[in-house]
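The values are calculated or read from the model by the stated rules, or taken from the named source; none is laboratory data. These numbers come from a predicted model, not from an experiment. Cβ sites come from the backbone with ideal geometry, for glycine too, and all protein chains shown count toward neighbours.
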Amino acid sequence: MYMGLFGSESKFESSVKQIPYPQEAVYRNISDLRNLEKVQDRVPEDKVNDFKYDEDTVSLNVAPVGELKLRICEREEPKCVKFETVQSPVPFNVWIQVLPVDENNSKMKVTVKAELNPFIKGMLEKPLQDGVEKIAEALAQIQYT
């Protein structure tokens, strides 16, 4: 049996980001992908192009990964939005969790889980961790009004 060829679940988590908006406002914005319009100007054009989205899906071409398409697969109001890959070189899931701090503030964490074999994990571990952190940072800077 070739144990090294089989993937194991790898998890990448962002640091917890403080957001100066109520949990409900944050959830309402992240659960409708049309609100990505608010962060579109923060997407690095040298790394991402063909950035398209509607209420439930987002697609983009990421250098050097290629075409990615994600779809919301579960909404757990007001605390979590889960995504699954529709098109990706490596299938993965994304969770965006939002928890209240008080009535006017919340905190957020982004988690990515993927089945990666040891070889692929070695190549993707740092870029994936960096990407998860950058997504969380961008989401923390949005005005959730």
Fill in the blank from the handout: Going through segment 52-102 in order, the residues found to be free of Cβ contacts under 8 Å to residues at least 24 places away in the same chain, under 29 Å from Pro20 (Cβ atoms) and charged (D, E, K, R) are Asp54, Glu55, Asp56, Glu74, Glu76, Lys82, Asp102
Practice task
Go through segment 135-145 and give me each residue that's surrounded by 15 or more Cβ atoms within 10 Å (Cβ to Cβ) and either over 17 Å from Pro22 (Cβ atoms) or among the aliphatic types (A, V, I, L, M) (or both).
Solution key: Ile135, Ala136, Ala138, Leu139, Ala140, Ile142
Practice task
Considering only segment 116-128, state which residues are surrounded by 15 or more Cβ atoms within 10 Å (Cβ to Cβ) and either modelled with pLDDT under 85 or assigned to a helix (DSSP H, G or I) (or both).
Solution key: Ile120, Lys121, Leu124, Leu128
Handout entry: Exclusive hit being free of Cβ contacts under 8 Å to residues at least 12 places away in the same chain and within 20 Å of Glu9 (Cα to Cα), set Lys126, Lys134
Key = Lys126
Exercise for the section: Please enumerate the residues belonging to segment 53-76 that are of a type outside the set (D, E, K, R) and touching a strand residue (DSSP E or B) at 6+ places or on another chain (Cβ under 7 Å). Expected result: Thr57, Val58, Ser59, Leu60, Asn61, Val62, Leu68, Leu70, Ile72, Cys73
Exercise for the section: Look at Lys47 and say whether it is touching a Ser or Thr at 6+ places or on another chain (Cβ under 7 Å), at pLDDT below 95 and charged (D, E, K, R). Expected result: no
Practice task
Return yes or no: is Lys109 surrounded by 15 or more Cβ atoms within 10 Å (Cβ to Cβ) and in a helix (DSSP H, G or I)?
Solution key: no
